[in-house]
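Readers should treat all values here as calculations from the given coordinates under stated rules, not as data from a laboratory. Fair warning: this is a prediction, and the values are worked out from it, not measured in the lab. All Cβ positions, even for glycine, are placed from backbone atoms using ideal geometry, and neighbour counts span all protein chains on display.
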Amino acid sequence: MARWLPRSTDLTRFCQKLNRVKTLEDDMMETSFNRCLTTIDLTLLGIGGMVGSGLYVLTGTVAKEIAGPAVIVSFIIAGFASLLAALCYAEFGARVPKTGSAYMFTYVSVGEIWAFLIGWNVLLEYMIGGAAVARAWSGYLDSIFNHKIKNFTETHVGAWQVPFLARYPDFLAAAILLVATAFISFGAKVSSWLNHVFSAISMGVILFILIMGFVLAQPKNWSAQEGGFAPYGLSGIMAGTATCFYAFVGFDVIAASSEEARNPQRAVPRAIACSLGLATGAYILVSVVLTLMVPWHTLDPDSALADAFYRRGYAWAGFLVAAGSICAMNTVLLSNLFSLPRIVYAMAEDGLFFQVFSQVHPRTQVPVVGIVVFGLLMALLALVFDLEALVQFLSIGTLLAYTFVAASIIVLRFQQQKVETPAPAAGGRPSPEPREGPSAGELKEYESFSDKLQLVDREKSKEHREPGQLKAAFEPYLEFLSDFYPGEVVTVAVVTLMVSAVCLCSILVFGNTHLHLPTWSYSLLLVLFSLGFLLSLLLIWAHEQQRNTQTFQVHL
């Protein structure tokens, strides 16, 4: 019996394999993809992923039910929070210009098991999110034709009353996904061109909404007679921020496309910053004109913009809004179908998925197998499944991916940079000195000179230290941490920071309500987790980090 039990060495080796990190090749610009995307292409991809149906639906929903006209403040705070996450993606995308997005970033810094979990998390997020957008696209188009498509399907095909299945098969949603899959498989340039067309139409409609909206604006709609600017107070603003945050989740398509960018070190950070800035500006300005056109408490949550123009006597503008909404949803579908196969490709390249998905078509230079297979799976999801319950879990997956990318940035910053060493001799060890010739005397003379300057070198090392080592100012107080491997203390501190932050937020939100904690335990837990959070920050700050000026780095 004991013979079949794993030995401790086997368990240690297994754990080491789970936590091994990916080693990148020297030339990271070498790829089997076609590096054809410019900064403008990446920017429009990011805008297409962020400015979707949320602009036409989410603004009205949050304004009426959660925050009132203060939805503007909610979008400002959500945009700033998204900017912090986007900057982490920008640094990784410039530093590691490989496809895979959050999966690849986690693999090169944290470890294989975590990258595997994040990879599948992102895959499910894209699949469910893309199918949900396709169903929303179908429902929006159907509503323009007074639900004739839905009535026809239920009459001639039938309706279902099965849990987790849709009420009727949505052939229109499946069809649009199949058409989008066909276009994506033609290559990155075709996908980018199609995204340009839809993005241009969508931005033209947004410009029309802003101009007409400011012309029809009535400042009295923010007055105290209509409930004021922030009728739900600070709690409503923050609740609105939590909802608005997920309007900005599309910027990671830029990081996933970094292997197809011509100059990713410059294009990826610029594209992420520009697309996020434009998307945030669009959300804020549309929220302003929407709440100024009509009183916020009279908005229709399902079609707020179209209904606002209709009530102001411009019914024809509703058709333009509908066209813009459909084009915006098309760009979101394209960004989902563009990113998903590339993440699958990255996982297959690393042996964490079926190898067939790592094949790149020699002509189009895209992973056609992944595009077709996952396009069909996404179409099947949209055809028969009720996705409303699953969409609620997407927020958890998004937060998990953002958290791991931000943590990976910190861990990678405090790891020692790899320095090229001369090749070892045949015996496996580099020879300490030449065997013959005049150079031998020179080497001995140099070594003796180095020995004399050993004390000086030690003093200099205190001023200039390797990444992951304690700063000289903190060494007298934290000398016991010097025995750890460089970067090891920072990794533990990052994990402690994440756990403390989650626990602290949970206590603040649920401590007095759901958990019913007594006052003394509530205060004690707040103090403990706050100390853990601050101590982790101090430990991270006390170590040296890399000073890489070749690529973009997040400040502070």
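Tabulated values for the structure
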read-out	value
Lys pairs, the chain - Cα-Cα below 24 angstrom, 8 or more residues apart or on other chains	16
Label-point separation in nm, His514 to Leu537, each point 7 Å along Cα→Cβ	2.6 nm
Equivalent ellipsoid dimensions for the chain as semi-axes, Å, which come from the Cα gyration tensor, largest first	49, 30, 24
Whole-number D in µm²/s for the range 60-218 (Stokes-Einstein; Kirkwood sum over Cα pairs; 37 °C, 0.692 mPa s)	164 µm²/s
Debye, to nearest 20: dipole size of the range 119-208, +1 on Lys, Arg Cβ, -1 on Asp, Glu Cβ	100 debye
Rounded FRET efficiency, nearest 0.05, which uses the C-beta distance separating Ile113 from Leu11 and R0 of 22 Å	0.95
Sites Val492 and Glu30 - FRET efficiency at Förster radius 60 Å, r taken between beta-carbons, to 0.05	0.95
Added length on full extension, which subtracts the Cα-Cα distance from 0.36 nm per residue, Arg167 to Phe474	104.1 nm
Dipole moment magnitude, nearest 20 debye, the chain about Cα centre, only Lys, Arg, Asp, Glu C-beta charged	700 debye
Rg/Rg_globular for the range 308-408, with Rg_globular taken as 2.2 N^0.38 Å and Rg from C-alpha atoms	1.48
Given charges at Cβ of Lys, Arg, Asp, Glu: the chain dipole, positive-most of Leu515, Ala401, Leu320	Leu320
Binned Cα-Cα distance frequencies in the range 4-151 - 5 Å width, integer %	2, 7, 9, 13, 15, 15, 11, 9, 7, 5, 3, 2, 1, 0
Net lengthening on full extension, Leu481/Phe214 (0.36 nm per residue, minus Cα-Cα)	90.1 nm
Sequence-distant residues sharing a close amide H with Phe385 (under 5 Å, placed H)	Ala166
Nearest-20 debye value, the range 13-167 charge dipole, Cβ charges on Lys, Arg, Asp, Glu	380 debye
Ranked by how many other beta carbons lie within 10 Å on average, peptides 56-67, 366-377 from highest	56-67, 366-377
